[in-house]
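Data first, discussion second: the structure below is written as structure tokens.
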Amino acid sequence: MKKLAMLTLSGFLYAACAHAAPPTGGYIVESSPDMPGFTRIVVSKDKTGYSGYVTSRWYGDLPMKDIYIEGDSLSFHLFNGNMRVPEYPIRITPAKDGGVRMEGRIWDSSFDLSAYPGDAAQLKALDFPLEHLPPHRVVKGVYHAKTPPMGWSSWNKFADTIDDRTVREIADAMVSSGLRDAGYVYVNIDDGWQGERDANGVLQPNAKFPDMKALADYVHARGLKLGLYSSPGPKSCAGYAGSYGHIAQDAKTYAAWSVDYLKYDLCSGEAFYHTRDKVYATYQQMGEALAATGRPILYSLCEYGRFDVGSWGRDVGGSLWRTTGDIEDSYASMAKIGFDKNGIPNHTGLVNGVSGFNDPDMLEIGNGGMSFDEYKTHMSLWAMMTAPLILGNDVRTMTPQTLSLLTNKEIIAVDQDRLGAQGLPAIKDATSEVWTKKLADGSVAVGVFNRADQAAVIHIDWTRLGLMPAAIRDLWAHADLGLDQASALSLPAHGAAMLRVRSAG
Ligand code: GLA
């Protein structure tokens with residue numbers, strides 16, 4: 001009986017709404033911490049029916065397709081090119097005060113956003129100016145690092161909670177801990193420092209960074225260098241202002257603040273630059289803009305290894321280029337990148353007289369998600385790969401064990417070796433790998449990795465490595481090893497050994 005009454009009621013309500021129609025017009029989406037950062041909704045109706053688009057702060061105007069009307073609600077999918085963005089339909093319904101409500105779900109996040117009617121000028125203000133891409137050139141005059149850059153970055157530990165005070169404390173700790181003297185000189189602020197643009201379009205830092213020039217001076221006074229982060233798109237990955245439409249202007253701003261390093265992260269630029277040609281051109285734009293400032297600003301490309309970036313990264317001015325998506329603080333993530341996603345070795349080192357380095361992402365050592373032995377493997381692999389060593393931990397509070405992993409001079413020497421060759425696995429089986437890397441003095445670094453979940457003894461077949469050891473050094477232990485000792489290495493689960501071998505003859 002009760003069920004019947006409810007059915008009748010919903011039938012009545014449906015009938016009552018049947019004459020209602022979905023709202024049309026332009027609406028500005030109220031800013032909200034919710035994913036996915038929509039800014040504008042425009043719905044129109046003509047004799048062919050409803051159409052419209054939603055502006056995403058990352059991807060620009062995304063058209064509504066598969067429109068479905070029920071009463072006063074309008075459901076649709078958004079498309080980015082041929083790609084349907086949310087798997088589930090998004091729904092717009094009228095809200096009080098003449099606004100609309102937009103509900104939906106993207107990946108694992110549901111959103112329920114309010115939007116209010118905007119006039120033409122307000123809606124127009126949400127447009128992005130168009131960037132015109134230059135013809136391809138090889139960028140001249142950008143500073144190139146001769147060895148893989150070493151330093152610290154805020155992202156892995158602090159994400160966008162980073163602030164001026166923490167950066168200063170980190171700079172102090174880099175000095176007092178001995179990290180600076182071990183070679184870690186860059187202090188890089190990753191995503192989350194950007195504020196709004198002023199009336200002239202000049203980007204300001206946000207409230208957490210009251211005076212960027214003063215911060216740079218503070219960092220420089222300690223014998224360190226300051227790095228910043230931006231994106232070729234309108235928004236950074238974390239949703240802050242990107243350099244789209246302001247590339248040369250932003251480069252000048254960095255130089256005026258005395259910035260020494262820029263990480264340039266594709267992010268929302270994906271929407272505009274989705275071919276190799278376009279990604280090259282936009283990275284070239286910033287490379288040329290940095291060169292034009294006359295300041296030696298080291299240029300770090302972050303486009304996740306797309307379009308064979310190692311083959312052109314140095315041509316657009318890059319000293320390093322990411323070969324992978326983001327690392328996480330787990331053995332699985334680190335091992336996947338370190339063993340398998342380290343870029344094409346020939347791209348690292350000196351090519352046509354210009355140095356550059358594959359970048360398998362920043363270090364997680366000291367962040368707590370891996371064991372001591374796993375972090376030792378992390379450091380060993382990155383040194384064997386000739387990878388940039390950008391620390392990602394809180395160096396103010398690290399343990400002596402962490403510091404010992406980061407400052408072992410003999411391991412750092414392998415990473416920074418002036419030959420700049422990238423190490424490679426020479427022998428692999430199901431649970432172990434032995435890597436070799438040629439060093440400038442004619443010796444060879446040998447990295448021995450136990451990938452098993454339990455301890456193992458790993459036997460080294462020197463002949464297969466092409467080596468006839470005359471002298472063997474255990475780099476982690478700072479000890480010379482006899483041939484027998486070095487030929488059967490006991491390694492803990494997920495552990496590593498690093499040797500430096502001088503061959504006879
Ligand atoms: C991307 C990059 C990361 C980090 C974040 C910041 O995910 O790959 O290294 O810079 O953006 O938002």
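The values are calculated or read from the model by the stated rules, or taken from the named source; none is laboratory data. Everything numeric in this text was worked out from a predicted model, so none of it was measured. We place every Cβ from the backbone using ideal geometry, glycine too, and count neighbours over all the protein chains shown.
Of these, Phe307, Phe339, which one is under 23 Å from Leu419 (Cα atoms), surrounded by fewer than 20 Cβ atoms within 10 Å (Cβ to Cβ), over 14 Å from the mean Cα position of the chain (by Cα) and of a type in the set (Phe, Trp, Tyr)?
Values: Phe307 fails: under 23 Å from Leu419 (Cα atoms).
None of the others qualify; the one that does is Phe339.
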Subject >> Pairs where the first residue, in the range 220-234, is closer than 19 Å to Ile390 by Cβ and the second is within 11 Å of the ligand (Cβ to nearest atom) and of a type in the set (A, V, I, L, M), C-beta under 7 Å, 6+ apart >> reply: Gly227/Ile189; Leu228/Ile189; Tyr229/Ile189; Ser231/Leu266
**OP:** All but one of (1) at positive phi; (2) within 16 Å of the ligand (Cβ to nearest atom) hold for Thr386, so report the exception by its number.
**Re:** (2)
Original post:
Can you tell me how many residues in the range 167-208 are touching a residue at least 24 places away in the same chain (Cβ under 8 Å) and closer than 16 Å to Met398 by Cβ?
Top reply: 14
Original post:
Taking into account only those residues within the range 289-320 that are aliphatic (A, V, I, L, M), within 16 Å of the ligand (Cβ to nearest atom) and touching a residue at least 60 places away in the same chain (Cβ under 8 Å), which is farthest from Asp260 (Cα to Cα)?
Top reply: Leu320
Original post:
If we keep just the residues of the range 175-194 that are farther than 19 Å from Gln416 by Cα and under 23 Å from the mean Cα position of the chain (by Cα), which is surrounded by the most Cβ atoms within 10 Å (Cβ to Cβ)?
Top reply: Ile189
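Taking Gly81 as the residue in question, decide whether it is closer than 28 Å to Gly269 by Cα and either of a type in the set (Gly, Ala, Ser) or touching a residue at least 12 places away in the same chain (Cβ under 8 Å) (or both).
Yes; evaluated as a whole, the condition is true for this residue.
Among Val175, Val202, which is modelled with pLDDT of 95 or more, away from the ligand (no atom under 16 Å from the Cβ) and in contact with a helix residue (DSSP H, G or I) (Cβ under 7 Å, 6 or more places away or on another chain)?
Values: Val175 fails: in contact with a helix residue (DSSP H, G or I) (Cβ under 7 Å, 6 or more places away or on another chain).
Sole residue among the options that is modelled with pLDDT of 95 or more, away from the ligand (no atom under 16 Å from the Cβ) and in contact with a helix residue (DSSP H, G or I) (Cβ under 7 Å, 6 or more places away or on another chain): Val202.
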**OP:** Only residues that are within 16 Å of the ligand (Cβ to nearest atom) and among the polar types (S, T, N, Q): list them for the range 208-265, please.
**Re:** Ser230, Ser231, Ser236, Ser243
**OP:** Would you please list the contacts, defined by Cβ atoms under 8 Å and residues six or more apart or on different chains, that run from a residue in the range 255-277 that is free of Cβ contacts under 8 Å to residues at least 12 places away in the same chain and in a strand (DSSP E or B) to a residue that is crowded, with 24+ Cβ neighbours inside 10 Å and basic (Lys, Arg)?
**Re:** none
Original post:
When you scan the range 335-365, how many residues do you find that are away from the ligand (no atom under 14 Å from the Cβ) and within 24 Å of Ser404 (Cβ to Cβ)?
Top reply: 4
Subject >> Matching entry among Ser330, Ser268 (being farther than 14 Å from Tyr143 by Cβ, among the small types (Gly, Ala, Ser) and at pLDDT below 95) >> reply: Ser268
**OP:** Only residues that are among the small types (Gly, Ala, Ser) and within 16 Å of the ligand (Cβ to nearest atom): list them for the range 182-199, please.
**Re:** Gly192, Gly195
**OP:** Give the range 219-246 a look and list any residue that's at pLDDT below 95 and either assigned to a helix (DSSP H, G or I) or of a type in the set (A, V, I, L, M, F, W, C) (or both), or say none.
**Re:** Cys237, Ala238, Ala241
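If I filter the range 145-161 down to residues being hydrophobic (A, V, I, L, M, F, W, C) and touching a helix residue (DSSP H, G or I) at 6+ places or on another chain (Cβ under 8 Å), which single residue comes out as nearest to the ligand (Cβ to nearest atom)? Steps first, please.
Our first condition is that a residue be hydrophobic (A, V, I, L, M, F, W, C); within the range 145-161, this holds for 145, 150, 152, 155, 158-159.
Filter once more, keeping what is touching a helix residue (DSSP H, G or I) at 6+ places or on another chain (Cβ under 8 Å): 150, 152, 158.
On the way: Met150: 17, Trp152: 13, Phe158: 11 Å.
The extreme case among them is Phe158.
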